[in-house]
Amino acid sequence: MTTKLGQQTYQLDAPPRIIGYGSTGGSKEYEGPLGPYLDHTSPDDTFGAKCWEQSETVMQTLALTSAVERAGIAKEALDLMLAGDLLNQCTGSGFAARGAGVPYLGLYGACSTMGESLSLASLLLSGGCGRYAAALTSSHFCSAERQYRTPLEYGCQRPPTAQWTATASGAVVLDGKGTHGPAVTHVTIGGVVDKGICDPANMGAAMAPAAYDTLKTHFTDTGRTPEDYDLILTGDLGQLGWEILREFFASDGMPLCRYNDCGLILFDRTRQDVHSGASGCGCSAAVLTAWLLPGLNAGRWNRVLFCPTGALLSPTLTLQGESIPGICHAVVLERRGA
C-alpha cells in the first residue's frame, strides 16, 4: 500500500523492514574507517576469481549470503532479487542471480543503483508482490577503470577532482510483513538532471545538481525540512560534490544540517590517496550495510534520508563530447519499535 505525495514521492503505508544486510570490500576498503565492520574482505581484491569482472559476482554472492543469514531465512524464500552494477550488461549481477536461483530484475542506475534497487524492492513489497526481496549492487576499482577510463597498466594521472571507485558490494533483505528492523517509509524517485558537465574525472560536479533536485523535491512533497532528519546521507558526491550541494541549499536559506556523503565515509582522505573521495555502486552499498543500518539498529539515529547518486555517463558518448547526466533517488529509513 502506497500513497503518492506530490510528483515524485511515495509514502509506504505498510513499510517493509530491512531484516538482513551484508557487505564486502577490497583491501583499500578494509584499510579505511569501515574496514572492521565489513563482513567479507579480500587482500588482493580478486575474491578468488580469475578476473575483476568475475570478482564482482563473488562479492555480490558473499554480501547476499550474509544478508540472508542475518535475516534468518533461506535464500530460496526470496521472492525477488533486484541488482545492478557498472559493468556492461550488468554481468556481475546477472551471474550472481544465476547462482542464487531467485527471480531477478536487473537494474542500471550507475552509482545510484543501491538507492534504485532499495526503492523498487520496497515499492514492490508494499504493493503485495511477495514477502521477501533482496536489493544489492557492487563495483570494482579495476573493472571500472578498464571500462570507463583507461586500463591500470596505462598509468594515467588522476586529477584532484577524481574519485576512487570502491571495490565493494552491499546487499539487504526486506520483509514486506516485518515488524522489526529499519523501516522504509518514503521513496522519492529522482529525475535525470544534466548541467553540461563533460569531464568524467569530475563526477561530483555532474551529480550534485541531481542530488539537489531530488532533495528539494522530497522536502516539497513531504512538507519536511532537513531538520526533520537525524542524518542526510548522499552518495557518492565526494568532497567537491558535497561542497557544491551544501552551497546550493545555503543559497536557498535552507542549510543542510547533519549532512554527510558516502564518498567521504568509506575512505580516510588524509591517509588514503583517493583524491576527492570514493565513488562506484559499491560505495553507497557498503556504507549502508556496514555503517548506516547497524547504526540505526543501535539507536544512533531514528530517521535517515539515504540518497545515492549516479553519473549516467557512457565512455563512448563522453569521448564524442556528450555531457554527463546525473540521477539521485532518496529513501527514508526509520527506526521503529517492534
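Throughout, read-outs are computed from the coordinates displayed, never taken from laboratory work. Predicted, not measured: the structure shown is a model, and the values here were computed from it. Neighbour counts run over all protein chains shown; Cβ positions are idealised from the backbone, glycine included.
Compare 96, 171, 83 in a GNM of the chain, Cα atoms joined below 10 Å, and give the one with the largest fluctuation.
96
If you build a Gaussian network model of the chain, linking Cα atoms that sit under 10 Å apart, which residue out of 26, 48, 241 swings the most?
Most flexible of the set in this elastic network: 48.
In nm, give the distance between the simple-model label positions of residue 224 and residue 44, each being 7 Å from the Cα along the Cα-to-Cβ direction.
Result: 4.6 nm between the two label points.
In percent, how large is the relative contact order of segment 183-334, given Cα pairs closer than 8 Å and 6 or more residues apart? Don't skip to the answer; put the middle values down first.
Values: 301 pairs, mean separation 59.1, N = 152.
Here the relative contact order equals 39 percent.
Note down the net charge around residue 182, summing +1 for each Lys or Arg and -1 for each Asp or Glu among other residues with Cβ under 13 Å from its Cβ. Walk me through the numbers on the way to the answer.
Working: positive: 17, 70, 300, 303, 335, 336; negative: 175, 230, 334.
Once positives and negatives cancel, what remains is +3.
Per 10 Å bin, what is the whole-percent P(r) computed from every C-alpha pair distance within segment 2-175?
10, 37, 33, 15, 4, 0
Explain nothing, just compute: Karplus ³J(HN,Hα) = 6.51 cos²θ - 1.76 cosθ + 1.60, θ = phi - 60°, for every residue of segment 272-281 in order, whole Hz, x for Gly and Pro.
Whole-Hz 3J(HN,Hα) from phi for segment 272-281: 10, 7, 10, 6, 7, x, 8, 8, x, 3.
Counting other C-beta atoms within 10 Å, which of 50, 216 has the fewest, and how do the rest follow? List each step's numbers first, then the result.
Working: 50 8, 216 14.
Fewest to most other Cβ atoms nearby, the residues stand as 50, 216.
Among 228-235, 15-22, what's the highest-first ranking by average C-beta atoms within 10 angstrom per residue?
On the way: 228-235: 24.0, 15-22: 25.6.
By packing density, highest mean first, the sequence is 15-22, 228-235.
Two decimals is fine: what's Rg over Rh for the chain, C-alpha atoms, Kirkwood radius as Rh?
Working: Rg = 18.1 Å, Rh = 19.3 Å.
Answer for the chain: 0.94.
Which of 4/216; 28/75; 4/195; 177/216 have a Cα-Cα distance over 24 Å? All intermediate terms of the calculation are to be shown ahead of the outcome.
Working: 4/216 16 Å; 28/75 30 Å; 4/195 28 Å; 177/216 31 Å.
With Cα atoms farther than 24 Å apart: 28/75; 4/195; 177/216.
May I ask you to derive the relative contact order of the chain, considering only C-alpha pairs under 8 Å and at least 6 residues apart, and to give it as an integer percent?
Values: 929 pairs, mean separation 84.2, N = 338.
Relative contact order here is 25 percent.
Quick one: among 103, 209, 200, which has the greatest mean-square fluctuation in a GNM of the chain with alpha-carbon springs under 10 angstrom?
The residue with the greatest mean-square fluctuation here is 103.
Would you mind calculating the gained length between residue 156 and residue 257 on full extension (0.36 nm times residue separation, minus the Cα-Cα distance), in nm to one decimal? List each step's numbers first, then the result.
On the way: separation 101, 0.36 × 101 = 36.36 nm, distance 3.75 nm.
Roughly 32.6 nm would be gained on extension.
Where does the chain land at 222 nm, in deg cm²/dmol rounded to the nearest 500, when only DSSP H runs of n ≥ 4 count, each adding -39500 (n - 2.57), divided by all residues?
Helix-only estimate at 222 nm: -9500 deg cm²/dmol.
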